1. Going by the conditions given, is Pro233 touching a Pro at 6+ places or on another chain (Cβ under 8 Å) and open to solvent by 50 Å² or more (accessible area, probe 1.4 Å)?
2. Can you name the residue in region 126-147 that is β-branched (Val, Ile, Thr) and surrounded by fewer than 23 Cβ atoms within 10 Å (Cβ to Cβ) and is also nearest to the ligand (Cβ to nearest atom) among such residues?
3. Hey, any hits in region 149-159 for a residue that's in contact with a Gly (Cβ under 9 Å, 6 or more places away or on another chain), outside the structural domain of Gln117 (by TED's automatic domain parsing), within 16 Å of the ligand (Cβ to nearest atom) and not polar (S, T, N, Q)?
4. If only one of Phe123, Phe85 is within 11 Å of the ligand (Cβ to nearest atom), over 17 Å from the mean Cα position of the chain (by Cα) and open to solvent by less than 20 Å² (accessible area, probe 1.4 Å), which one is it?
5. Just a yes or no: is a residue in region 18-25 without any contact (Cβ under 8 Å) to a residue 12 or more places away in the chain, more than 6 Å from the ligand (Cβ to nearest atom) and of a type outside the set (Phe, Trp, Tyr)?
6. Determine whether Ala22 is surrounded by fewer than 18 Cβ atoms within 10 Å (Cβ to Cβ) and within 21 Å of the chain's Cα centre (by Cα).
Amino acid sequence: MSTPSATLVIGATGTTGRRVAAGLVAERHRVKAASRRAAPVQGAQAVRFDWNEPVTHREALDGVDRVYLIPPIGDPDPAAVMLPFLRQARAAGVRRAVLLSSSAIPAGGPAVGQVHQALPDLFEQWAVLRPSWFMQNFTGSTPHARSIREDGAILTASGHGRVGFVDAEDIAAVAVRALIDEQAPNADLILTGPQALSYDEVAAIIAEVTGRPVLHRHLTFEQLRDRWAAEIPLEFATMLAAMDRAIADGAEDRTSDRVQRLTGRPPGTLRAFVEREVSRSR
Ligand SMILES: NC(=O)c1ccc[n+]([C@@H]2O[C@H](COP(=O)([O-])OP(=O)(O)OC[C@H]3O[C@@H](n4cnc5c(N)ncnc54)[C@H](OP(=O)(O)O)[C@@H]3O)[C@@H](O)[C@H]2O)c1
C-alpha cells in the first residue's frame, strides 16, 4: 500500500481537470490523473476510472487523500454513482474533496446540486466550485466555436443578458488552492471573470481580436431548443435553452471576487483569453 498523499483528479483529460492536474504537479504534489482512457498526463500517474464501472474505483482511490470531482458528464442523476463513491473515498482515507458544479446550480438543486448538498457531511474539508460559463466555450470543437468558424455567428436565446465568463485557467487555479492550502475554507465558491458580458459584447471582442466578422444572432427559446433537439434528446435540449432564458432574465449577471481572494491574482478578461487563443493558433 502506498503512502496516502496523492490527489485523485477525476476528468483529468478535460477542460478543468487537465489544468488542475498540471497545477498540482507544478506545486510538486503527487497526482493520480483519472479518465476512462487513463490517458497520460505529464508528471502524473494515469489511472483508468469510469463513474459507471465501480470496479475501477478502488484502485483509483489507493494512496489518495484528496479528490477533484467532475460529475459523470450528461448524467441527470450523478448522485446515484457519486455518493457511493464518495463514501468509499472517505473510508479509504480521503479527507478533502473539491467538487466542480456550476453557478446555475445551488446546493440541493438538480443533478450535481444533490452531491453538493451531501459533501459537508461526508468530508471535514470540502469546497464546491460554481463557475459561470467557461471562456473555453468559444474555442475548440464546441458549438459556439463551430458556428463562429462556419457562420461568423454566436447563436443564443440569452438576449441582452450578461454572463460573468470565466477562464478555466482561473477555475483550475482556485481548485489547486482549495485542494492543497491547509487554511482553505470550506466554501461554496461562485467563480466569474472580471466582467459580466452580453453575447453581443463577446461577439464584438472576438471580432476585434481575430479581425474576422462575428455577430450574435438572437434566437427565441423555441428556436434554440429545436436546434439543440436535432442533436441531443429533447429534455436536455429544453434544459440548455432554459439556461439561456435564465441568462436573458439576468441570472448570470454578476461578478465575484473569489478568484482574486483564493489565488491572489485577478481573474483573466475575455479579451486576454481570446488574444492568448489567437497567438496559440499562429
Ligand atoms: N462549459 C461551461 O460553461 C460550464 C460552466 C459551469 C459548469 N460546467 C460544468 O463543468 C463540467 C465539465 O467539466 P470539464 O469542462 O472540466 O470537463 P470536460 O472537458 O467536459 O471533460 C470531461 C472529463 O471527464 C471525463 N469523463 C467523461 N465521462 C466520464 C465517466 N463516465 N467516468 C469518468 N470520467 C469521465 C473525460 O475523460 P474521458 O472521456 O477520457 O473519460 C474528461 O476528462 C460539467 O459538469 C459542467 O456542468 C461547465
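The values are calculated or read from the model by the stated rules, or taken from the named source; none is laboratory data. Note that the coordinates shown come from a computational prediction; the quantities given were computed from them, not determined experimentally. As a convention, Cβ positions derive from the backbone with ideal geometry for all residues, glycine included, and neighbour counts pool all protein chains shown. These area figures cover heavy atoms from the full protein model, side chains too; ligands, DNA and RNA do not enter into them. Shrake-Rupley method; radii C 1.70, N 1.55, O 1.52, S 1.80 Å.
1. Spelling it out, it is not the case that Pro233 is touching a Pro at 6+ places or on another chain (Cβ under 8 Å) and open to solvent by 50 Å² or more (accessible area, probe 1.4 Å).
2. Quick first cut of region 126-147, residues β-branched (Val, Ile, Thr) only: 128, 139, 142.
Those still in the list that are surrounded by fewer than 23 Cβ atoms within 10 Å (Cβ to Cβ) too: 139, 142.
Details: Thr139: 11, Thr142: 8 Å.
Applying the filter and picking the extreme gives Thr142.
3. The answer is no, given that none of the residues of region 149-159 is in contact with a Gly (Cβ under 9 Å, 6 or more places away or on another chain), outside the structural domain of Gln117 (by TED's automatic domain parsing), within 16 Å of the ligand (Cβ to nearest atom) and not polar (S, T, N, Q).
4. Phe85
5. To start, the set of residues in region 18-25 that are without any contact (Cβ under 8 Å) to a residue 12 or more places away in the chain comprises none.
No, that holds for no residue.
6. Numbers: surrounded by fewer than 18 Cβ atoms within 10 Å (Cβ to Cβ): no; within 21 Å of the chain's Cα centre (by Cα): yes.
Judged against the criteria, Ala22 is not a match.
Residues checked against (1) aliphatic (A, V, I, L, M); (2) farther than 15 Å from Ile70 by Cα:
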{"position": "Ala6", "(1), (2)": "yes, yes"}
{"position": "Val9", "(1), (2)": "yes, no"}
{"position": "Val20", "(1), (2)": "yes, no"}
{"position": "Lys32", "(1), (2)": "no, no"}
{"position": "Gln42", "(1), (2)": "no, yes"}
{"position": "Ala46", "(1), (2)": "yes, yes"}
{"position": "Phe49", "(1), (2)": "no, no"}
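Every residue, every condition in (1) in contact with a Phe, Trp or Tyr (Cβ under 7 Å, 6 or more places away or on another chain); (2) under 27 Å from Leu61 (Cα atoms); (3) aromatic (Phe, Trp, Tyr), yes or no:
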site: Arg130; (1), (2), (3): no, yes, no
site: Trp133; (1), (2), (3): yes, no, yes
site: Thr139; (1), (2), (3): no, no, no
site: Arg146; (1), (2), (3): no, no, no
